[in-house]
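The numbers here are math on the coordinates, done by the rules we state, and not lab data. No experiment lies behind these values; they were computed from the predicted model shown. Using ideal geometry, Cβ is built from the backbone for each residue, glycine included, and neighbour counts are taken over all protein chains shown.
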Amino acid sequence: NLLVLESPVGVGFSYCEAQTKPGTVCQNTDKFTASTSRAALVDFFQNKFPELAENDFFITGESYAGVYIPTLAYEIIKNAPSISLTGLAVGDPCTDNEAQKDSMDALWYGHKYGLVDDAVFDLLWNHCQIRFPNPLMKNQISQKRTRTNIQNINNENDEEEPVMMSTECKVAHRKFLLSTSRALSQGWRDMFIDDYSLFAPVTDQEDQAMSDYMNRPDVRAALHVEEAPVETWPYPEAGFDYTKEYKACNEDVEGDDSSVLSMLDFYAKIVPRLKVTWVYNGDTDPCVSYEGTRTAISRVGFPEVDGGGYRPWFYNKTATTIQVLEEKPAMFGPDLLLQSTGAQFGGEIVSYEHNLSFLTVHGSGHMVPQFRPQAALHMLTKLISYEELSPLLPSNATLAKICNEAFEKKMNEWTEQAKSSPYVV
């Protein structure tokens with residue numbers, strides 16, 4: 001069974017009473033979103049579908065759901081223990097300001113993937129101290145859509161030059177904008193790469209394609225969506241205001257402010273109470289880069305399982321029908337092929353105690369199910385079956401003592417095991 005929970009209130013098909021009045025929108029915060037979502041789930045399991053109450057319950061999501069999911073899980077564990085919450089899968093998530101601050105920067109990302117010259121990067125990053133933070137870092141999210149309005153350095157108007165800049169920094173800054181299409185912040189039609197995926201085609205039709213799909217009568221019927229008293233998909237403007245309250249994608253919070261929690265604090269509390277927790281990240285995501293997420297999860301504080309260190313996982317890449325390839329929008333499933341290619345590298349995984357894992361998804365951008373659908377399906381199937389994606393490596397003690405010949409044999413055996421059943425089916 002699938003339950004789609006729209007967060008915050010005012011996105012997609014969801015609405016609040018305030019939206020029925022002219023000129024008003026839903027008012028949301030991190031804590032309000034968690035508590036109202038918990039209340040909705042209690043109503044769902046107790047009143048609407050009590051026959052599902054004993055089923056194992058998983059919560060999945062991506063991006064700012066990096067805040068929604070851990071805080072909702074904590075709300076459930078603390079205030080609704082009757083809900084059988086057993087697992088989480090959190091993708092490309094807002095997690096911790098300090099761990100993710102550099103890896104959520106357009107200059108840093110552009111240099112990593114060859115869009116920025118070494119000398120220009122070194123000058124801007126180290127000498128000029130210039131940063132281009134992702135718009136997810138903004139605290140106040142309002143009905144004005146912010147996706148293509150990345151705030152330029154020291155200046156609210158991204159059409160103007162940054163202020164207080166030396167000539168040397170100014171020239172380097174302009175070279176950076178020229179080579180990256182204004183810090184990856186222009187509208188889709190003017191960008192060199194998509195701001196959600198390094199390898200996906202650039203198109204301005206992504207939102208429209210999603211809206212068209214959501215409004216198909218069969219999709220609305222499958223989701224049991226009824227008519228709403230307000231305009232929903234597609235909408236001219238978001239129907240909500242949102243205020244962030246944690247140290248996750250929130251540049252308004254000082255890094256040393258111990259009174260404000262990050263998601264690391266929540267993971268430390270909830271992970272031991274769950275059967276499985278996966279935090280994953282596309283390894284080419286321009287929006288939330290995997291390095292910061294990897295660092296964040298390592299800082300939760302749980303020891304790495306012996307043999308559970310960074311290791312590859314694989315999935316079976318099957319053929320896609322010509323009908324699907326012809327019908328799907330360009331931005332969805334850009335890696336799908338007519339041919340089957342067998343077991344393919346899916347990414348890397350590291351395993352910690354309490355069944356916490358961090359995963360990368362190779363070649364994926366910000367929304368893994370969108371950009372790597374077959375790999376995403378493989379992951380989801382393993383998650384809800386409580387199955388491992390990859391076998392453990394030989395122990396550290398074994399790796400330290402065996403000879404080269406034995407290691408080569410062990411490596412070949414491990415690789416064949418990782419690419420075979422039950423890990424790849």
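Taking amide H as placed 1.01 Å from N in the peptide plane, the amide H of Glu62 sits under 5 Å from that of Gly91, each at least 5 places away or on another chain. Candidates Ile384, Gly91, Gln129 compared by Cα position along the dipole of the chain: farthest toward the positive end lies Ile384, with charges placed on Cβ.
Under 5 Å from the amide H of Ala343 lie the amide H atoms of Lys317, each residue being 5 or more positions distant or on a separate chain, with H modelled from the backbone and absent for Pro and chain starts. Counting 0.36 nm for each residue step from Arg299 to Leu5 and taking away their Cα separation leaves a gain of 103.0 nm. From most to least packed by mean Cβ count within 10 Å, the peptides 269-276, 2-9, 216-223 give 269-276, 2-9, 216-223. Magnitude of the charge dipole for the chain, about its Cα centre and with charges confined to Cβ atoms of Lys, Arg (+1) and Asp, Glu (-1), is about 660 debye.
Of all lysines in the structure, the ones whose alpha carbon falls short of 24 Å from that of Lys170, not counting any fewer than 8 places away in one chain, are Lys101, Lys112. Across the chain, the relative contact order, built from alpha-carbon pairs under 8 Å that are at least six residues apart, equals 19 percent. Along the charge dipole of region 212-303, pointing to its positive end and built from +1/-1 on Cβ of Lys, Arg, Asp and Glu, which listed residue (Ile270, Pro286, Met214) has its Cα farthest out? Sorting the options by dipole projection puts first Ile270. Sorting 96-102, 313-319 by average packing, meaning the other beta carbons within 10 Å per residue, from highest down gives 96-102, 313-319.
Within a Cβ distance under 9 Å of Thr29, other residues only, what is the Lys/Arg minus Asp/Glu net charge? Taking every other residue near Thr29 into account, the sum is 0. Database remark: amide H of Thr29 closer than 5 angstrom to the amide H of Thr243 (H placed geometrically; neighbours at sequence offset of 5 or more, or on other chains; Pro and chain starts carry no H).
Note on Arg216 and Lys48: their simple-model spin labels are 2.3 nm apart, each label 7 Å out from Cα toward Cβ. Determine the shape class of the chain: with a ≥ b ≥ c the square roots of the Cα gyration tensor eigenvalues, call it rounded for a/c under 1.5, and otherwise prolate if a/b is greater than b/c, oblate otherwise. Note, shape of the chain comes out rounded.
Karplus-based coupling profile of region 318-327, in residue order and whole Hz: 9, 6, 10, 5, 4, 5, 5, 5, 6, 8, with θ = phi - 60° in 6.51 cos²θ - 1.76 cosθ + 1.60 and x standing for Gly or Pro. Using the Cβ of Pro70 as centre and a radius below 15 Å, the other residues enclosed give a net charge of +1, where K and R count +1 and D and E count -1. Projecting the Cα atoms of Cys169, Tyr68, Ala406 onto the charge dipole of the chain (Cβ charges, centred on the Cα centre) puts Ala406 farthest toward the positive pole.
Comparing Cα centroids, region 372-408 and region 14-36 end up 44 angstrom apart.
Taking the Cα centroid of region 304-326 and of region 241-265, what is the distance between the two, rounded to the nearest whole Å? One Cα centre to the other: 34 Å. A quarter of the convex hull surface defined by the alpha-carbon atoms of region 263-304 gives 3.3 nm² as the mean projection. Please label the shape of region 19-77 as rounded, prolate or oblate, based on the square roots a ≥ b ≥ c of the eigenvalues of the alpha-carbon gyration tensor (a/c under 1.5 means rounded; beyond that, a/b larger than b/c means prolate, else oblate). Oblate shape, in that a/c is at least 1.5 and b/c is the bigger or equal ratio. Each residue of region 11-20 is assigned a 3J(HN,Hα), and the resulting list reads 9, x, 8, 6, 7, 10, 4, 4, 5, 7 Hz, derived from the Karplus form 6.51 cos²θ - 1.76 cosθ + 1.60 (θ = phi - 60°), x at Gly and Pro.
Extension gain, Ser340-Lys409: 0.36 nm per intervening residue step, less the Cα-Cα distance, totals 22.0 nm. Could you list, in their original order, any pairs among Lys317/Lys419; Lys78/Lys269; Lys275/Lys419; Lys247/Lys275 whose Cα atoms are separated by more than 18 Å? Pairs exceeding 18 Å: Lys275/Lys419; Lys247/Lys275. Along region 240-246 the Karplus relation, 6.51 cos²θ - 1.76 cosθ + 1.60 evaluated at θ = phi - 60°, assigns HN-Hα couplings of 7, 10, 9, 10, 7, 10, 10 Hz to successive residues, with x for each Gly and Pro.
Provide the percentage of antiparallel DSSP beta bridges, counting only those with both residues in the chain; round to the nearest 5. For the chain, the DSSP antiparallel bridge percentage is about 45. Modelled spin labels at Ser259 and Thr318, positioned 7 Å past Cα toward Cβ, are 5.5 nm from each other.
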